[in-house]
Every structure is written in structure tokens, then in C-alpha cells.
Amino acid sequence: MQRILLFLYGLRALILFILLELIAFWFIFSYNSAQGAVFFNSSNRLAGGLLERKEAVVSYFYLGSVNEALAEKNARLLKRLEDLSPRDDSVTLDIDTLFRHSYEFWSAKVINNSLHLSQNHLTLNKGAEDGIRPGMGVFNEQGVVGRVKGVSRNFSTVISALHTDLLISSKIKSSNVFGSANWDGKNPKSAKLLYVPRHVNVQIGDTIVTSGYNAIFPEGLAVGYVSEVMPGSESAYLDISLELSTDFSKLTYVYLVDNTMKEELDSLQLQLDQRYDGQ
Amino acid sequence: MTGSNIIKYSLAFLAYLFVQVFILKEVVLFGYSFCLLYVFFLLTLPIEVGTVSLLFLGFGMGMVVDVFYDSLGMNTAATVLLAFIRNPWIKANTPRGGYDEHIPPTLLNMGLGWFVIYALPLITIHHFLFFYVDSLGTDNYFIFVIRALSSILFTFLLGIVVQLLFYNKKRGI
């Protein structure tokens, strides 16, 4: 018995090495699943607090461009408001409340960002206490940014659109053809649009927007512009490259969106699925 | 290790982490070249430090970097591997007359030739594992190799500069 223990003691470094590597790889694979352990990422209280403090110092350097973007967004919203507000000389009727208030919005500040790995994440300075929940969409005035992956009390971690596993349900604005935008891990300024059939006529410069189908993003948020169209190598789909409309290297403030009807939509979908499975 | 050494290396541990997480994380040259300078903390620990302590230090360091990089496990796996093979690799490179156990294996103590042979392969293994895990699930092998090679160069050069600026001969940091 003593000999076995001595033998194991002699191998303690190897055993510890194997154990620690197993833990590390278990982290790697469990983190890539949909719901990662939130404690061990940048949204935990200690890391989030430190990052927020750093951001408080660094943010002064780009206040100018942030102000400019906000002013631009304001101008656009004012124009929308002008278009939507009723004129004095006309009569308006509220037809129906079906589409009213199906999305809720929050704003948050990006306190940590990466864009050069294959799987990039952001950290935001709002968490469960502010009403943020996993699965919400994240965007800014330029276009889509990502989807909330996990939240802690005061911070949240977001899967960036620059993440090779994130698919964003999108469509070509002019022709309403659907596809999925997906980052190919190469250039943080471009992405691919998948599953567009070959017969569709796609022009360079076409605008790609969110489709609103997966109920994460409202319909019509900018995703990017078509920069290249090639016939796919062997599949029935076109190989479309996008230029992303969001500049991920300059993310500062973002908006979060939650579809308040999502549960209803999902349960309806589920009912349908069960019904057709039953037949 | 003496008490003052322990305090000195604890401060160095924190300093390396701070620089890595708050400064070097933002510095990615040409979009490819990362600088994972924190590996130099493990590389320049005194030779007498045992593999078990190295493994724990590497695990802790990798975890903290991972938390801030949101790359859970990737830095940890690579750094634990580096910590495991550091001491055998030092032993394999024993110069004639052996080592003085108490001095750290730094550039100033061992000379450029020895240090390149010592540090460059270890950094290469660390970086290749890190970027390989990052590229899993994609088919961008070309980008993976470019990232790894340019990052090895960046990390190594900055590590040399840091040692020339902040390290003392014999006493280490």
C-alpha cells in the first residue's frame, strides 16, 4: 500500500497536469454550449467591476464619436416621429393593438469587447437586476451586434455577431429573400449570408436586414451590404459575402431588445409542431 | 524561495495579469498578432520552483486571463501545458557545469542563445494550442497558422524588451 502511494506521489505532477487539463477542456466545451457557466466569464462581479472602472477611464477618449452617433440617431428618430405623428388636418383611427408594444428596449454600455478571435464576446454593464435576460438581441445605431448569452446580477455577456456559431435570421431588403448571416471567422468587417438559393437575383450593394423571424430582433435592423456574390461551390446555394454595417472596433453604447410576445410565439410554434408530429 | 522573493513574485504575478488584461488585450497588430505576455511570468520563475507549483500558478493565471478574454479554458489549457513541460525542458537544456538553482532563467542570466532555445519552443507550443482551440469548428487553418506565428513573434519580442527594461541580472525581477 505504501509503495502504491509512493509511486503515485512520484507521479503527482503528471496526475495534477492531467486533472487540470481535463478541467480546462471541460470548461472549453461546456462554455460553448448555449448556457455557459456565467461565474467564470467577464460578467462576474469582480471582473465586471474592474472592467467597468477601466471603461470609465478609457471612455473619455471617444466621447466625441459617441456624441456624434447619438445625435445622428436622434435626428433619425425625430424624422420618424414627424412621419408618425398625426397631422392636425387629418383624422387617424387606431385600427388594432396587435402590433403595439411587442418589443421592449434597454440601453447599455460595452465595457469589454474582442474581435480578433474566432469566438468573440462582449460584456455589458447591465444585468439581471436591470431586467436583462439571456436570449435578448443586442444592436446599436449601425446594426446588429449580438445576442445575450448569460447574465449576472449587474453585468451580462453577449455573443458577438463576430462569433462563428451565431446565426442571424436575415433577409435581402429589396427582394425579401431569407437567409442566415453568419461570421466566417476571417475579417471582423465582413460575414457570409447562407442559404440563399441559386435562382435568386442578388446585386452587389443590396442591403441585408434582420428578418424578424426568430423573434430575437425586430424586423428591419441593418446587418450589412452585399459585397460579393459567387455561385456556391457544390451546393444549391449562393456564396454571398457581406460587409457588416456595424463597426465592431468602435462599440460604445448598445441597445438591447426583448420581444414580449416571444413566449406566445414559441408556444404557438410548439403546438403546431406537436400537432404535425402527431399525424 | 525566501519571503521577499515570494512578495516580489506575487507582485510580478499581478503586474503581468494587469498589463495583459487591461492593456495588451486591446493591442492586436494587423488583426492577427496577439501578445500573450503573461507566459513570461512562468518562464522567468526561478529554476527551483517545482512543477506542481508551476501547474497551480499556470492554472490560476490562465483562468484569470480567460475570464477577461471570455475565452473560458483556452488560455488555461495552453498555460497548464506550458507549466508542465517547462521544468523538463530546462533540464534538457542544461549547460555544461549545470545551473545555479536560485537564479531565474532569464535573458540576462543565461544569454540570448540559451534563452531563445529555451523560451521560443515553449511559447510556440502554448500559442499553437491556444489558437488551435480557438479555430476549432471553423475551417480557417491558414488564418490559424498566421495568427499563431505572428503572435509568437510579438509575444517573444515584447518579452525580451520587458526583460531588458525591468529585470536585474542575478536577482530576477
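Testing residue B:139 on (1) closer than 23 Å to residue B:49 by Cβ; (2) surrounded by fewer than 18 Cβ atoms within 10 Å (Cβ to Cβ); (3) within 14 Å of chain A (Cβ to nearest Cβ), one condition comes back false. Which one is that? (1) is the only condition that residue B:139 fails. The stretch B:1-72 holds helices (runs of 4 or more DSSP H) entirely within its bounds, and those carrying 1 or more residues that are in contact with a strand residue (DSSP E or B) (Cβ under 8 Å, 6 or more places away or on another chain) map to B:3-18, B:51-69.
Here residue A:172 does not fit the description of being buried (at least 24 other Cβ atoms within 10 Å of the Cβ) and more than 14 Å from chain B (Cβ to nearest Cβ). For residue B:66, are the conditions met, namely being among the charged types (D, E, K, R) and in contact with a helix residue (DSSP H, G or I) (Cβ under 6 Å, 6 or more places away or on another chain)? Yes, satisfied. Given B:39, B:28, B:19, which one is aliphatic (A, V, I, L, M) and at pLDDT below 85? Exactly one of B:39, B:28, B:19 is aliphatic (A, V, I, L, M) and at pLDDT below 85, namely B:28.
In summary, residue A:32 fulfils each of the numbered conditions (1) at pLDDT 80 or above; (2) within 29 Å of residue B:86 (Cβ to Cβ) with the single exception of condition (1). For residue A:249, the conditions (1) outside any helix (DSSP H, G or I); (2) within 20 Å of the chain's Cα centre (by Cα) are fulfilled apart from (1). Given the criteria surrounded by 24 or more Cβ atoms within 10 Å (Cβ to Cβ) and hydroxyl-bearing (Ser, Thr, Tyr), does residue A:114 qualify? Judged against the criteria, residue A:114 is not a match. Go through the residues of the stretch B:109-124 one by one and say whether even a single one is part of a helix (DSSP H, G or I), within 12 Å of the chain's Cα centre (by Cα), within 14 Å of another protein chain (Cβ to nearest Cβ) and surrounded by fewer than 20 Cβ atoms within 10 Å (Cβ to Cβ). Scanning the stretch B:109-124, I find no residue that is part of a helix (DSSP H, G or I), within 12 Å of the chain's Cα centre (by Cα), within 14 Å of another protein chain (Cβ to nearest Cβ) and surrounded by fewer than 20 Cβ atoms within 10 Å (Cβ to Cβ), so the answer is no.
Residues in the stretch B:112-150 that are modelled with pLDDT under 85 and of a type in the set (Ser, Thr, Tyr) were compared, and the one that is nearest to residue B:81 (Cα to Cα) is B:135.
The residue that is farthest from residue A:105 (Cα to Cα), among those in the stretch A:227-279 that are in contact with a Lys or Arg (Cβ under 8 Å, 6 or more places away or on another chain) and polar (S, T, N, Q), is A:241.
Consider residue A:165 carefully, then state whether it is more than 19 Å from residue B:26 (Cβ to Cβ) and facing chain B (nearest Cβ under 9 Å). In short, yes.
Here A:116, A:199 are screened, and the one residue that is outside any strand (DSSP E or B) and within 21 Å of residue B:73 (Cα to Cα) is A:116. Against the conditions (1) more than 12 Å from chain A (Cβ to nearest Cβ); (2) under 20 Å from residue A:115 (Cα atoms), residue B:27 satisfies every one except (1). Out of the stretch B:63-80, which residues are at the interface with chain A (Cβ under 7 Å from one of its Cβ atoms) and not aromatic (Phe, Trp, Tyr)? B:67, B:70, B:71, B:72, B:73, B:74, B:76, B:77, B:80, listed by residue number. Residues in the stretch A:225-242 that are surrounded by fewer than 13 Cβ atoms within 10 Å (Cβ to Cβ) and aromatic (Phe, Trp, Tyr): 0 in all. If you go through the stretch A:195-240 and keep only what is small (Gly, Ala, Ser), modelled with pLDDT of 85 or more and within 19 Å of the chain's Cα centre (by Cα), you end up with A:211, A:222, A:224.
The values are calculated or read from the model by the stated rules, or taken from the named source; none is laboratory data. None of these values were measured; they are calculated from a predicted model. All Cβ positions, even for glycine, are placed from backbone atoms using ideal geometry, and neighbour counts span all protein chains on display.
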